[in-house]
Each structure stands twice: as structure tokens, then as C-alpha cells.
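The values are calculated or read from the model by the stated rules, or taken from the named source; none is laboratory data. None of these values were measured; they are calculated from a predicted model. Neighbour counts run over all protein chains shown; Cβ positions are idealised from the backbone, glycine included.
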Amino acid sequence: MTELSGASQACDSLKQQELFPIREVSRLTGVNSVTLRAWERRYGLIQPMRTDSGHRLYSAADIETVRSILAWIERGVAVSKVGKILARSSGIKTPALVAVDATASEWEAWQARIRLALGAFDGLQLERLYGQVFSTYPLAVVFQDILMPLWQELLLRRDDYGQASEWTFLDSFLRARVLQRLQLGTSGAERVLLAALPGHCRELELLVAGLLLAGDGGVQVLGLGQPLLELPLVCEKIRPQALVLFSNQPPSKELPQQLKRLALSLECPLLFAGDAADLAEEELQGSPIACLGNDGGLMQRRLQQFLAGHLDT
């Protein structure tokens, strides 16, 4: 009886615990949402709770963990090593963290091999590694956890001598491969249109988003630079099931109203995806615009739910 009472009290305590959405954690810690998700997905440093719709919720303990991670990084410790330090300080090493460490090490090993191919500008070796990675992991892992983090790392270092050439080599290679996969998955049947907000992402990011969204259905990606004001005309001609707008930039104060005006001018539903979708979700609640988030599997599920009429906006 005492054990049951203690379990009930612990459950009640958990329910009463204050939880914070990712945008609030970003505001409190100064760590942007992209980095928070990377620390979770790649290194298992934080494990937020999830709502039924997939939204992350962080506890006060999670926020303190984020601050501890920042403190170790500021002392010169690589983020990939911070998890082991935190585990030692708590005296606990959970099986889940062991598994994440092992998986992250595998991904880093693939990235190291790809870096060698890029450094030698060896297209044949890069092609071989690309095929091997795809035969080892699901599509979402290949892009979200292995290829795109490396692409982003090189992009940030492109001012260093030689890095711009390696980034351009990888960017060109991946754009060609992703375009090929998108074309193979596009049929003449009903499809979803994907367009970027002008200036809010690079072409590869948009193409990868299209690939992650596609699933078993067809997604047609409109070219980078597609004018926002002409989207109603394009949709009138193509008659898609839905239009998805994509952005990886923080949304401006005016953006929610712009999207709401655009939704009124369209004959198809409007959805929003990318990092900006998480940040703008609260302001778009109650509007006809559905936010898909930025995680590949979650974006695809939400899109399918929306098209089936099961996702609230």
C-alpha cells in the first residue's frame, strides 16, 4: 500500500512540474532551437518530454542541464564529450545514453570518411560512401544526422582556406542526388507543392525538406526565389493538395499576418515547415495554417495527418 501511495505521489509531482516549450528554453538559455535539437538528437544530452502532437517540453532540470552543457563548452570541452562528463558527475550511465553515444560515434565515423573524400575531391569515393550510408540507415538519419550537419559545419567554416571549395563540392554533389530522388518519387498524381520563403534557406535545405516530406507521396519543389505573391497563380494552375512554405530563419513580426493573408488567397490549404514553423506556431494557432515543424519524420507524419483531415491547425 505504501509503495502504491509513493508511486501515486511521484506521478502527481510529475504532472505538476512546470514544463517549458523549446522557444522559452531558447530565450532563457540563449541556445537556439536548432542547437537544442542537435544536442538531443546527435548526443542525447537532453531528453525532453513530448506532447501527443510531438512538441518538445523541457523541465527545470533540463534547463539546468543546458546551462551545464554551455559551461563545459565555454571551458573548451567539445560537445561530443560533454555527455560523458555529465554522466560521471551524476554517477549514472543509462542504457539509452550508451546507445546514443554509440550511434553518434558511428555517425561521426561516417562524417570523417566523407571529409577525407571531400578533402581529396574524390567524387567516386564520395559516391561510394553515399551509397553505403544509404544502405545502412533510413533516409531521415542519412540527411538529418550525418550529411546535413557536415554540410552545415563546412558552410560555417567556408571562410577558411580550402573549406569553401569542399563545401561547394559537397553541396553540388548532394543537390544532384536529392533532385534525382525527388524526380523518381514524383508522379503525375495529386501532389504537394513546397516553396521557400524568399531568402530564408539555401537550395539544398529546401530540396532535403522536400525529400523528407515526400514519404510515399509526390512533392513538387518550386525553385528557390519563387515570388510569394505569385504563389496563388501557381497553385491555381497546378491545383495541388496543399502548399507548404519552408523557412529556416527566425520569423519576423509581420510574417504570421503575411501567411494568413496568403492563406486567404489560395484555393488549397497552406502549411508551414522548417525551424521557423516551431517559432511561429503559437501565433498561428487558431488560423487555417498548420505547422509541420522541422524534424523529418514528424513533418511527414503531420503532413499525412493534415491531408487525411486528422491534424488540427
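The set of residues in segment 280-297 being under 15 Å from Leu262 (Cα atoms), small (Gly, Ala, Ser) and assigned to a helix (DSSP H, G or I) is empty.
Taking segment 193-279 and the helices (runs of 4 or more DSSP H) fully enclosed by it, no element has 1 or more residues that are modelled with pLDDT under 90 and in contact with a Cys (Cβ under 6 Å, 6 or more places away or on another chain). Yes or no: segment 262-271 includes at least one residue that is under 20 Å from Arg202 (Cα atoms) and either surrounded by fewer than 22 Cβ atoms within 10 Å (Cβ to Cβ) or within 19 Å of the chain's Cα centre (by Cα) (or both). Yes.
Checked against the criterion of being crowded, with 23+ Cβ neighbours inside 10 Å and more than 15 Å from the chain's Cα centre (by Cα), segment 292-313 contains not a single residue that satisfies it.
Yes or no: Gly274 touching a Phe, Trp or Tyr at 6+ places or on another chain (Cβ under 8 Å) and either at positive phi or in the same structural domain as Val31 (by TED's automatic domain parsing) (or both)?
Details: touching a Phe, Trp or Tyr at 6+ places or on another chain (Cβ under 8 Å): yes; either at positive phi or in the same structural domain as Val31 (by TED's automatic domain parsing) (or both): yes.
In short, yes.
For Trp72, the criteria (1) modelled with pLDDT of 85 or more; (2) surrounded by 11 or more Cβ atoms within 10 Å (Cβ to Cβ); (3) not polar (S, T, N, Q) hold in every case but one, which is (1).
Just a yes or no: is a residue in segment 222-240 on the phi > 0 side of the Ramachandran plot and under 15 Å from the mean Cα position of the chain (by Cα)?
Let us first name the residues in segment 222-240 that are on the phi > 0 side of the Ramachandran plot, namely 225, 239.
Subsequent filtering for residues that are under 15 Å from the mean Cα position of the chain (by Cα) retains none.
Looking for residues that are on the phi > 0 side of the Ramachandran plot and under 15 Å from the mean Cα position of the chain (by Cα), one finds none in segment 222-240, hence no.
Within the option set Tyr161, Tyr130, being over 20 Å from the mean Cα position of the chain (by Cα) and outside any helix (DSSP H, G or I) holds for one residue only, Tyr161.
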